[in-house]
Amino acid sequence: MVEELAPQCSAKGCRAAAEWELRWNNPRLHTPDYRKTWLACARHRETLGDFLGVRGFLREVTEFRTTA
Ligand SMILES: [Zn+2]
């Protein structure tokens with residue numbers, strides 16, 4: 001299968017290309033080693049990160065690369 005659209009930012013209404021991967025875990029819903037991943041553009045890396053950070057869910061932020 002060919003993926004035609006570049007992976008996009010997970011922020012609501014944002015269609016910018018993803019540049020960052022935010023990995024998070026909600027201890028009330030997930031087992032400790034589970035990671036949920038949100039993609040973020042440069043602009044939303046901080047807002048999405050803050051959202052997860054204040055809740056204590058954020059685990060890692062890594063650069064998102066599309067390997068062709
Ligand atoms: Zn965005």
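The values are calculated or read from the model by the stated rules, or taken from the named source; none is laboratory data. Bear in mind that the values here come from a model prediction, so they are computed numbers and not experimental data. As a convention, Cβ positions derive from the backbone with ideal geometry for all residues, glycine included, and neighbour counts pool all protein chains shown.
Given the criteria more than 12 Å from the ligand (Cβ to nearest atom) and loosely packed, with under 10 Cβ neighbours inside 10 Å, does Leu29 qualify?
Criteria met by Leu29.
Within region 16-34, how many residues are over 10 Å from the mean Cα position of the chain (by Cα) and over 20 Å from Ala6 (Cα atoms)?
10
Do any residues in region 37-60 that are farther than 14 Å from Cys14 by Cα have Cβ atoms under 7 Å from those of residues that are aromatic (Phe, Trp, Tyr) and at pLDDT 95 or above, where the two are at least six apart or on different chains, and which pairs are they?
Leu52/Trp24; Phe57/Trp24; Leu58/Trp24; Arg59/Trp24
Looking only at region 25-68, how many residues end up being part of a loop (DSSP other than H, G, I, E, B), modelled with pLDDT of 95 or more and aliphatic (A, V, I, L, M)?
2
Specify which of the listed residues (Glu63, Glu19, Glu46) is within 16 Å of the ligand (Cβ to nearest atom), surrounded by 14 or more Cβ atoms within 10 Å (Cβ to Cβ) and charged (D, E, K, R). Steps first, please.
Details: Glu63 fails: surrounded by 14 or more Cβ atoms within 10 Å (Cβ to Cβ); Glu46 fails: surrounded by 14 or more Cβ atoms within 10 Å (Cβ to Cβ).
Checking each option against the conditions leaves just Glu19.
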